[in-house]
Amino acid sequence: MTHSLLEQFVLLWVVIDPIGTIPVFIAVAAGVAAADRWKIALKATIAATAVLLLFLVGGQFLINALGISLPAFQIAGGIVLLLFALTMIFGDSKPESEAEQWSAEEDGHSSVAIFPLAMPSLASPGAILAVVVLTDNNRFSIQEQAMTGGIMLAVMACAFILMLAATPILRVIKMAGAALVSRIMGMILAAVAVNTVILAVIELIRTVEI
């Protein structure tokens, strides 16, 4: 049981990737007042947790009812992630250009908390699929599914703490450093997105051949 719980924790940690969320948080929160950054982190954590809990409870039913295949879900998620990565690299999303807008509008805080922090950074397609697979009604009891939910909440709590730790980093690197991190993170996200699509296409081809 302990070994299984540890495996689930490692899997959910990898797919949610709290550490990988830090550069994204730095990029989107650089133009926000330091006193308001924790609000963005909290809103992102709550939103991502709500999405994952939704799929944990009813994801299997929803995907089966809609007839969505695993590769199709992965490809869609990869495309969304790629589009966001391209805006980080080429668009006007760098912290310097958005500082005034984010600091002036509370709605701006909410929007960046939902996208890209809550989705697709925390509640990524991979994380959504992981909670659906780990709570398969045909393989896991209600107690085991509840344990999976508890592990997921623990990982999300870690993500929130790590985002709070990003504030001291922002004080050091300033907006110029955050803009650089944003571009670098955009390149990494683009590579991850393309890799996700490629793996999904390969899996789709194998399914068709079988």
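The values are calculated or read from the model by the stated rules, or taken from the named source; none is laboratory data. Predicted model, so just to flag it, every value in this text is computed and none were measured. Virtual Cβ from ideal backbone geometry, glycine too; neighbours counted across all protein chains shown. Heads up: the accessible areas ignore ligands, DNA and RNA and are worked out on the full protein's heavy atoms, side chains in. Shrake-Rupley method; radii C 1.70, N 1.55, O 1.52, S 1.80 Å.
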Compare the peptides 118-129, 49-60 by average per-residue count of other Cβ atoms within 10 angstrom and give them in order, highest first. 118-129, 49-60
Please list the three semi-axes, largest first and in whole Å, of the ellipsoid equivalent to the stretch 109-200, using sqrt of 5 times the eigenvalues of its alpha carbon gyration tensor. 31, 19, 10
I'd like to check one number: the per residue accessible area of the stretch 114-165, probe 1.4 Å, reported in Å² as a whole number. 42
